[in-house]
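> Handing you this structure, nothing more for now.
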Amino acid sequence: MLAAIGVGSVKELFDRQIPEAVRLDRALELPDGLPEQEVYEHLRELAARNTSAEDELSFLGAGMYDHYVPAIIDMLMERSEFLTPYTPYQPEISQGGLQVMFEYQTAISELTSLPVSNASVYEGPSAVAAAGYLAKLHNGRGRLVLSAGLHPHSIQTLRTQARGFGMEVLEVPLSSGYLTDHEAWAQAIDEDTSAAIFAQPNFYGAVEDADSLSAAAKAAGGSATGAPVVVAQVDPIVLGILKAPGECGVDVAVGEGQSLGNRLEFGAPSLGFFAAREEYLRRMPGRIAGETLDVDGRRGFVLTLQTREQHIRRDRATSNICTAQALNALAGVVYLAWLGRRGIVELGELLLARTHYAREALADLVGVEKLHEQPVIREFAVRLDADVAAVRRRCALQGVNPGVDLQAITGRAEDRGGLLVAITERRSRENIDRLAEVLRVAVAAADRGPASAAVAA
């Protein structure tokens with residue numbers, strides 16, 4: 001190979017390609033290797049520094065939630081035919097994996113009341129960005145209008161991708177009630193709007209009027225032929241009790257699927273779900289598994305649509321995702337099947353009741369008030385009359401993580417003092433009472449200053 005490219009050695013190859021000014025002129029400062037036993041002890045010590053949701057009472061949320069994962073999910077995910085295979089390029093030997101994709105798509109379609117679902121994408125923000133690109137391909141327009149109630153990570157991802165698409169992003173503010181400002185929403189959408197994107201519920205936990213937002217977007221965006229694509233970023237767990245996006249005039253429903261049978265694993269892996277109306281089928285990212293009959297008339301499964309650049313001309317591709325999150329999607333469909341049609345309703349009702357109890361309990365504390373009065377289902381925001389970071393540190397010392405510092409994620413000055421609290425079925429009434437007591441002491445200590453903090457503790 002060296003002879004073929006005309007050099008005498010690897011060193012000569014490097015010398016020709018790497019400028020001397022950027023080369024390291026000494027050996028790497030690497031310590032000597034360690035025996036396996038010492039490596040294990042070192043890694044165990046490092047791992048012990050982590051605090052997991054099993055080690056503390058956690059009310060963290062903001063897109064990732066500490067739901068109970070039934071044992072059947074681990075049992076099925078660890079089977080080698082699901083755990084180790086690659087992309088099903090050969091359907092004749094990949095029927096099990098393809099059927100999982102097909103059943104997953106069916107479950108997401110039923111959950112969202114939209115006829116088409118893909119086999120998943122990487123995670124929630126990627127799904128939102130992919131929806132923006134789908135809209136550009138569909139109507140050719142140049143502006144994305146989005147609600148400030150979208151998850152901040154989704155907004156950042158959408159802005160990054162939109163720059164590559166050559167699209168403008170216009171952010172519509174929230175009203176004083178922390179809902180998308182309807183008047184500003186309607187004014188922002190015009191005949192150059194490619195997509196109108198909102199969250200349900202929004203990042204602050206408030207349940208939006210999805211019907212009204214969808215109708216306003218269609219009315220303001222011009223003719224039905226080139227109308228803006230209405231996209232909703234949805235929490236799948238709450239769809240057991242909320243009206244499905246497909247019934248609210250939404251064209252594309254996307255979201256983070258971690259809460260569907262997937263654990264909190266250092267922020268990953270998770271999956272993004274993507275469902276749409278049939279007219280957007282050929283613009284959807286990733287791949288879609290379909291049902292068919294083989295030559296003997298037997299039921300079988302195939303990859304019906306693949307819009308990845310590996311499979312079609314690059315200029316026609318709608319996605320460069322190399323593989324969907326199939327193993328995580330398996331967890332999702334097993335979880336939904338485990339819950340069943342009635343179970344997901346019961347889970348939603350349970351979260352609704354416990355969230356209401358927690359919200360009222362915290363709002364009764366001195367130095368704590370509701371951020372807004374809008375309906376919430378499984379997550380809500382309060383404002384603390386204290387430094388949120390300091391309060392969170394004091395709570396952590398008592399083994400309680402009270403929630404997410406809103407300003408730390410959004411970067412918005414108006415979110416200073418905001419705490420986003422998430423409730424799952426793992427948080428009992430006793431757990432919520434414990435949160436209220438720990439938070440009461442932490443806020444009081446922060447208010448009175450460091451001199452009396454030790455006394456309060």
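> Order these by the 10 Å Cβ neighbour count, fewest first: D251, D181.
Least crowded to most crowded, the residues run D181, D251.
> If you don't mind, there's one more thing I want to ask. Can you give the relative contact order of the chain as a percent, counting alpha carbon pairs under 8 Å and 6+ residues apart?
Reported as a whole number, the value is 19 percent.
> Would you mind ranking F59, F274 so that the residue whose beta carbon has the fewest other beta carbons within 10 Å leads the list?
Exposure proxy ranking, most exposed first: F59, F274.
> Quick one: work out the % antiparallel among DSSP beta bridges in region 71-336, nearest 5.
Roughly 45 percent of the DSSP beta bridges within region 71-336 come out antiparallel.
> In whole angstrom, how far apart do the alpha carbon centroids of region 374-391 and region 225-273 sit?
So the two Cα centres are separated by 23 Å.
> Tell me the relative contact order for region 71-336 as a rounded percent, counting alpha carbon contacts under 8 Å between residues six or more apart.
Taking the mean separation of contacting Cα pairs over the length of region 71-336, I get 27 percent.
> Please work out the FRET efficiency for the pair Q187 and V39, using the Cβ-Cβ distance as r and a Förster radius of 51 Å; give the result to the nearest 0.05.
0.25
> Let me ask something else about it. What does the charge count around V438 come to, taking other residues whose C-beta lies under 13 Å from its C-beta (Lys +1, Arg +1, Asp -1, Glu -1)?
Net of charged neighbours comes to +1.
> Sort V238, V252, V10, V169 so that the residue with the fewest other Cβ atoms within 10 Å of its own Cβ comes first and the one with the most comes last.
So the residues, fewest neighbours to most, are V10, V169, V238, V252.
> Among (i) 76, 68, 49; (ii) 72, 55, 45; (iii) 69, 58, 39, find the value of Cα extents along the principal axes in Å that was calculated from the structure presented, and write down its label.
The value matching this structure is (i).
> Can you work out the PRE-style zone for D294? Point 7 Å along Cα to Cβ, and I want the residues of region 81-111 with backbone N under 18 Å.
88-102
> Still on this structure: Assuming a ≥ b ≥ c are the square roots of the Cα gyration tensor eigenvalues, decide whether region 206-290 counts as rounded (a/c under 1.5), prolate (otherwise, with a/b larger than b/c) or oblate.
Oblate is the answer for region 206-290, as a/c is 1.5 or above yet b/c matches or exceeds a/b.
> May I pose another question? Would you calculate the separation in nanometres between label points at E373 and S428, each defined as 7 Å from the Cα along the Cα-to-beta-carbon direction?
That separation, rounded to one decimal, is 3.5 nm.
> Once you have a ≥ b ≥ c as the square roots of the Cα gyration tensor eigenvalues for region 71-336, tell me rounded if a/c is under 1.5, and otherwise prolate or oblate according to whether a/b is larger than b/c.
Cα axes put region 71-336 in the prolate bin.
> For a test of the definition: using alpha carbon positions, the gyration tensor, and the 1.5 limit on a/c, classify region 200-256 as rounded, prolate or oblate.
Taking the square roots of the gyration eigenvalues as a ≥ b ≥ c, region 200-256 is prolate.
> With a point put 7 Å past each Cα toward its Cβ, work out how far I93 is from A408 in nm, to one decimal.
4.9
> Can you list residues whose amide H is under 5 Å from V400's amide H, if they're 5+ apart or on another chain and H is modeled 1.01 Å from N?
L57
> List the residues, sorted by chain then number, that are 5 or more residues from V230 or on another chain and whose placed amide H is less than 5 Å from its amide H.
Close amide H contacts, sequence-distant or interchain: A196, D251, V252.
> Further question: In deg cm²/dmol and to the nearest 500, what is the mean residue ellipticity at 222 nm of the chain if only DSSP H runs of at least 4 residues count, each as -39500 (n - 2.57), divided by the residue total?
-12000 deg cm²/dmol
> Which whole-Hz ³J(HN,Hα) couplings does region 403-417 yield from phi under the Karplus relation 6.51 cos²θ - 1.76 cosθ + 1.60, θ = phi - 60°, glycine and proline marked x?
Here the 3J(HN,Hα) series is x, 9, 6, 4, 5, 4, 8, 7, x, 8, 4, 5, 8, 4, x Hz.
> On to the next question. Report, ordered by chain and residue number, the lysines lying within cross-link reach of K136, taken as a straight Cα distance under 26 Å and ignoring same-chain residues fewer than 8 apart.
Once the sequence-local lysines are set aside, what remains near K136 is K218.
Any read-out appearing in this document is the output of simple, stated calculations on the displayed coordinates, not a laboratory observation. All of these numbers come straight from a predicted model, not from anything done at the bench. Neighbour counts run over all protein chains shown; Cβ positions are idealised from the backbone, glycine included.
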